[in-house]
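Inspection log for the structure reproduced underneath, given as structure tokens.
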Amino acid sequence: MNSASSPMRRNAPVFDVEAVRREFPILGTSVHGKPLVFLDSGASAQKPRAVIEAISRVYETGYANIHRGVYQLSQVATEAYEGARAKVQRFIGAASPGEIVFTKGTTEAINLVASSYGARFLKAGDEVVLSVLEHHANIVPWQLLRERLGIVIRVVPVDAGGAFRMDEYERLLNARTKFVAVTQTSNALGTMPPVAEIIRMAHGVGAAVLIDGAQGIVHEAVDVKALDCDFYVFSGHKLYGPGGIGVLYGKERLLEAMPPYQGGGDMILSVSFEKTEFAPPPARFEAGTPPIADAIGLGAAIDFLNGLDRLAIAAHEAALLDAASARLGAIPGLKIYGTARPKAAIVSFTLDGVHPHDIGTILDHEGIAVRVGHHCAQPVMERFGIPGTVRASFGLYNTIDEVEALARGLEKVREIFG
Amino acid sequence: MSALRELYQEVILDHGKTPRNFGRLEQPTGCSHGHNPLCGDTVTIYLKIKDGVVDDITFEGRGCAISMASASMMTEILKGKTVAEVQQMFERFHGLVTTGEQACEGGFDIADLDKLVVLAGVREFPMRVKCATLAWHTLKAALEGKQKEVTVE
């Protein structure tokens, strides 16, 4: 029976990983004479041909600056850029394209919210709640705001398995809590806080919520309306899209009330030296010429994902996680950090007596790319009393054979280090 | 020998596992802290200079096998050297792990140089050169009496 027309396909997710791999040209390359085993998608994912070609196509046939020219090419580029915004809107279930602000990435999106929402809505003594799991990008912008405004930062701890402590969170929430900014998925451990419940409880005390979806959106479908988060941020490059483009989703009434983050062209209605009138969102937050081709490339990445069965991807990644946890967990002296479920396909570990950097170098010689170090999440490392870990982060294109390659690479590390 | 085996020679693994001259030195004449923010390696060098000669040198820190071995071997080699010789060794070591060249006026015996040559394998690993040089840059700061933290990245 032809599987494409089989009704079975709708019931039991089918995911042809080999077919997907063929869409990613880089996966056919070699490193140190070995086939590339790319296990660092958590840092930045590889790109499918559809994204690479979409970007080329913009520059070859459809590029001009947007929102300016009266000529046709500018109109074509503007429509493609705004079309990408609409794709993002539908992808995350936002109410209107006006709620989608293009940024350089997650980092800029969080800085924008801290700076602009902070200027309009926060004052000295107000409490902002973060968690130990946060990436530095969701810590430092709030510390900068603390310097400027005198806000107070509260931090939710994690338990020994790397799970977000809901009891401590509940204890921290109070009438002074004005903002909660937490990750959907820890980049260092893979553990996933219960964001829906976190948002509901924050709203209960009148606090606004930002969800850092840089890792989370890669592994599961997101619906910002169902979540009811006030802000949701993510990067294109981790979502199999280009670098240099990211997204800030914000509820329309909040974005409307927020002052500009940067000043420049394209974010104004009129400018004179006496008075400048700002454009409404999202233009208000997109000063200057944006990365036009990259935004369109992000739209292509979303099309690519929409063309696959996301539940089937999730099932495939869950199988990778289970295989990696079992296979690596059986290696003597190997300790996995972040065992709490639910968890994304990220396995962070140490190996007794061998520094993560040495492991990274030896694995690289086997063609295996992993991230080593603190993963821009030093508070997590401090929580577990370690300077760093080796992190294998899996994407939709990874295979069980690659889990085995990683395990064999680690046995090679043992061989060398004894 | 493969590049990997050349990097992780027995002597490096040995120094990495059981570093020599590890610990704090009381009343040092120079002390400096070094840090590689990229990988989190840290090293503190304690130095006692007497009449222009390295009377004692120890280190503390944590990091990968390369950084610990390099610090350990450095302390072993520099005891009894004059300050001028230490400066020369710094230049020579730096050349060794970056370009592989050892061309420098040597003011020390060749046996000492041989000990450092085992670290030359690191030059095949550009991302790891800083691991080998961290201790040496920190030593230089300690010699110059700098209190400022040294960072390599």
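Key figures for this structure:
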read-out: Kyte-Doolittle mean at least 0.5 and Cα axial length at least 15 Å: DSSP H helices in chain B; value: B:65-78, B:129-143
read-out: Order of A:F349, A:F273, A:F179 - criterion: other Cβ atoms within 10 Å of each residue's Cβ, fewest first; value: A:F273, A:F349, A:F179
read-out: Subset of A:K225/A:K335; A:K238/B:K17; A:K104/A:K335; A:K87/A:K343; A:K47/B:K17; A:K34/A:K87 violating a 31 Å alpha-carbon distance limit; value: A:K225/A:K335; A:K238/B:K17; A:K104/A:K335; A:K47/B:K17; A:K34/A:K87
read-out: Percent antiparallel among DSSP beta bridges (both partners in the stretch A:52-306, rounded to 5); value: 45 percent
read-out: Partners for B:K140 among lysines (Cα-Cα distance below 19 Å; same-chain residues under 8 apart left out); value: B:K48, B:K50, B:K79, B:K81, B:K130, B:K148
read-out: Burial ordering of B:L134, A:L122, fewest other beta-carbon atoms within 10 Å first; value: A:L122, B:L134
read-out: Inter-site label distance for A:V271 and A:A315 at 7 Å from Cα along Cβ, in nm; value: 5.4 nm
read-out: Within 10 Å of each Cβ in B:61-67, the average number of Cβ atoms from other chains; value: 5
read-out: Shielding by partners, peptide A:258-269 (average Cβ within 10 angstrom, other chains); value: 0
read-out: Residue (of A:A207, A:A188, A:V158) at the positive-pole extreme of the stretch A:116-229, dipole from beta-carbon charges; value: A:A207
read-out: Counted charge near A:L189, where neighbours are those whose Cβ lies closer than 12 Å (Asp, Glu -1; Lys, Arg +1); value: +2
read-out: Calculated from backbone phi, Karplus (6.51, -1.76, 1.60) coupling profile of the stretch A:340-347 in Hz, x at Gly/Pro; value: 5, 10, x, 8, 7, 6, 10, 10
read-out: Among B:112-122, B:22-32, the order from most to least packed when residues are scored by Cβ within 10 Å on average; value: B:112-122, B:22-32
read-out: Cα-centred dipole magnitude for the stretch A:52-306, charges only on beta-carbon of K, R (+1) and D, E (-1), debye, nearest 20; value: 440 debye
read-out: Protection proxy ranking of A:385-392, B:74-81 - average other beta-carbon atoms within 10 Å, highest first; value: A:385-392, B:74-81
read-out: Listed residues A:G264, A:G250, A:V58: farthest to the positive end of the dipole of the stretch A:52-306 (Cβ charges); value: A:G264
read-out: Amide H partners (placed H, <5 Å) of B:D56, local residues excluded; value: B:K48
read-out: Cα-based convex hull, chain A, per residue volume (Å³, whole number); value: 160 Å³
read-out: Cα pair distances of the stretch B:3-151 binned at 5 Å [whole percent]; value: 2, 11, 21, 25, 23, 14, 5, 1, 0
read-out: Cβ-defined net charge surrounding A:A84, 14 Å radius [Lys, Arg +1; Asp, Glu -1]; value: -1
read-out: Ranked A:T61, A:T106, criterion: other C-beta atoms within 10 Å, fewest first; value: A:T61, A:T106
read-out: Theoretical ellipticity at 222 nm over chain A - DSSP helices of four or more residues, -39500 (n - 2.57) apiece, nearest 500; value: -11500 deg cm²/dmol
read-out: Positive minus negative residues near B:H15 (Lys, Arg vs Asp, Glu; Cβ under 12 Å); value: 0
read-out: Under 5 Å, built H, 5+ apart or other chain: amide partners of A:D40; value: A:S393
read-out: Expected 222 nm ellipticity per residue - DSSP helices of 4 or more, -39500 (n - 2.57), all of chain B, to 500; value: -13000 deg cm²/dmol
read-out: Karplus 3J(HN,Hα) series, Hz, for the stretch A:270-282 with 6.51 cos²θ - 1.76 cosθ + 1.60 (x for Gly, Pro); value: 8, 10, 9, 5, 8, 8, 10, 9, 7, 6, x, x, x
read-out: Per-residue average of Cβ from other chains inside 10 Å of A:131-138; value: 0
read-out: Sorted peptide list for A:156-165, A:14-23, criterion being average Cβ within 10 angstrom, highest first; value: A:156-165, A:14-23
read-out: Paramagnetic label zone (point 7 Å from Cα along Cα-to-C-beta, A:A95; backbone N under 14 Å) in the stretch A:200-235; value: A:224-231
read-out: Span-rule helices in chain A, defined as complete DSSP H runs reaching 24 Å or more along the axis (Cα) with Kyte mean at least 1.6; value: none
read-out: Other-chain or far-sequence residues with amide H under 5 Å of A:I368's (modelled H); value: A:V37
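A short reminder: the numbers here are calculations on the coordinates, not readings from a lab. Since we're looking at a predicted model, the values are computed, not measured. When we count neighbours, we look across all protein chains shown, and the Cβ atoms used for this are built from the backbone with ideal geometry, even at glycine.
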